[in-house]
1. Among 108, 112, which is open to solvent by 20 Å² or more (accessible area, probe 1.4 Å) and in contact with a Lys or Arg (Cβ under 8 Å, 6 or more places away or on another chain)?
2. Quickly run through region 136-148 and pick out the residues that are open to solvent by less than 10 Å² (accessible area, probe 1.4 Å) and either more than 10 Å from residue 100 (Cβ to Cβ) or not in a helix (DSSP H, G or I) (or both).
3. Quick check on my filter: what residues within region 63-87 are open to solvent by 30 Å² or more (accessible area, probe 1.4 Å) and of a type in the set (S, T, N, Q)?
4. So for region 19-33 (the condition being surrounded by 17 or more Cβ atoms within 10 Å (Cβ to Cβ), of a type in the set (Gly, Ala, Ser) and at pLDDT 80 or above), does at least one residue qualify?
Amino acid sequence: MALWDRLKESASTMQTQLMAKKNDLKSGAFRDASMAMCALVAAADGTVDPSERQRVAQLISTNEVLQNFPAADLRRRFEDNLTKLTTDFDFGKVSVLQEIAKAKKKPAEARAVIQIGVIIGGADGDFDKDEQAVVREACFALDLPPHEFDL
């Protein structure tokens, strides 16, 4: 199976798993961590192009799990995290990873945050090395084994 097909299948499987836990994913910690993860993946290569912003905006408005929260609030949180990362990536990454780590207390939320990172990373058909690396770092921040997510 081609890498692209495996990536699509993995993202689809993760979306199904997220949907099964939708009712458990309503906390502020999950909301904040998921938007921090989206920003981290979008800025993984050090820049954020308009297509990356558009992919996240689309995820925010169409992902049923994230519809537990007001889209405008999610968008604002995403943009705030993105500003931290684009101002000073290394310093911003520390702050964003701390935001992600807030989901650590609830394993279902922590896994869901990583799954969102994988979905965002693979949305353009290329879950590149930079994106995989930041999702792997988020796994460590959440005390989750990266291999559980094929990272």
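The values are calculated or read from the model by the stated rules, or taken from the named source; none is laboratory data. It should be emphasised that the depicted structure is a prediction, and the values quoted were computed from it without experimental measurement. For neighbour counting, all protein chains shown are included, and Cβ atoms are generated from backbone atoms with ideal geometry for every residue, glycine included. Please note that ligands, DNA and RNA were not included when accessible areas were found on the heavy atoms of the full protein model with its side chains. Shrake-Rupley method; radii C 1.70, N 1.55, O 1.52, S 1.80 Å.
1. On the way: 112 fails: open to solvent by 20 Å² or more (accessible area, probe 1.4 Å).
Only one candidate passes the filter, namely 108.
2. To start, the set of residues in region 136-148 that are open to solvent by less than 10 Å² (accessible area, probe 1.4 Å) comprises 138-139, 142.
Across region 136-148, the qualifying residue is only 142.
3. Of the residues in region 63-87, the ones open to solvent by 30 Å² or more (accessible area, probe 1.4 Å) are 64, 67-68, 70-73, 75-77, 79-80, 83-84, 86-87.
Selection gives 67, 68, 83, 86, 87.
4. Within region 19-33, the subset surrounded by 17 or more Cβ atoms within 10 Å (Cβ to Cβ) is 25, 29-33.
From the residues that got through so far, the ones that are of a type in the set (Gly, Ala, Ser) too are 29, 33.
Retained after the next criterion (residues that are at pLDDT 80 or above): 29, 33.
Scanning region 19-33, I find at least one residue that is surrounded by 17 or more Cβ atoms within 10 Å (Cβ to Cβ), of a type in the set (Gly, Ala, Ser) and at pLDDT 80 or above, so the answer is yes.
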